[in-house]
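My questions all concern the structure below.
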Amino acid sequence: MAAASAVRAAGRRSRRLFDIFVAEVPWTVSSKELKEYFSQFGSVQRCQLPFDKDTGFHRRYCWIKFSTPQDVQNVFQKDSHILEGAKLTLKQQPRRRHSQKKNQSE
């Protein structure tokens, strides 16, 4: 049990390293399509689209990591983001400074 909760906690911490949280992702959209869509705003380093182990479908949300803060700003310059007819909900993740990471690990 302890190992499973440690893995979940590590997953939560790693998500803080992402720049944008995206909700309302249509069921038919893949991580590859999300990465392609957001690449128009800058260099996408990573797209994490979690799947439900029971259903095999993704959970309709993801995290996007960009190369630069300017890429993130480019995303938020656009009023709305629509994929396959569905409007995505975006939230900027707070950036953590290196000193904050160090303090939390001590």
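Please list, in order along the stretch 82-94, the HN-Hα scalar couplings obtained from phi with the Karplus expression 6.51 cos²θ - 1.76 cosθ + 1.60 (θ = phi - 60°), rounded to whole Hz, x for Gly and Pro.
Rounded to whole hertz, the list is 10, 10, 6, x, 10, 7, 7, 9, 10, 9, 6, 7, x.
I would also like to ask the following. In debye to the nearest 20, how big a dipole does the stretch 15-92 give about its Cα centre with +1 on each Lys and Arg Cβ and -1 on each Asp and Glu Cβ? Display every interim value, and only then the final one.
On the way: 12 positive and 9 negative charges, 56 e Å.
Value, rounded to 20: 280 debye.
Could you put Cys62, Cys47 in order of accessible surface area, largest first, with the 1.4 Å probe and the full protein assembly present? Please list the in-between numbers first.
Details: Cys62 0, Cys47 30 Å².
Ranked list, largest accessible area first: Cys47, Cys62.
Report the label-to-label distance for Ile82 and Phe57 in nanometres (one decimal), using points 7 Å from each Cα along the Cα→Cβ vector.
A separation of 2.3 nm, rounded to one decimal place.
Here is a follow-up. So what J values fall out for the stretch 28-42 if you push phi through Karplus, 6.51 cos²θ - 1.76 cosθ + 1.60 with θ = phi - 60°, rounded to Hz, Gly and Pro as x?
Here the 3J(HN,Hα) series is 7, 8, 9, 5, 4, 5, 5, 4, 5, 4, 6, 5, 5, 9, x Hz.
Starting from the eigenvalues of the Cα gyration tensor, five times each then square-rooted, give me the equivalent ellipsoid semi-axes of the stretch 15-92, largest first, whole Å.
20, 14, 10
The values are calculated or read from the model by the stated rules, or taken from the named source; none is laboratory data. In this text, all values refer to a predicted model and were calculated from it rather than measured experimentally. Please note: Cβ atoms are built from the backbone with ideal geometry, for glycine as well, and neighbour counts cover all protein chains shown. Heads up: the accessible areas ignore ligands, DNA and RNA and are worked out on the full protein's heavy atoms, side chains in. Shrake-Rupley method; radii C 1.70, N 1.55, O 1.52, S 1.80 Å.
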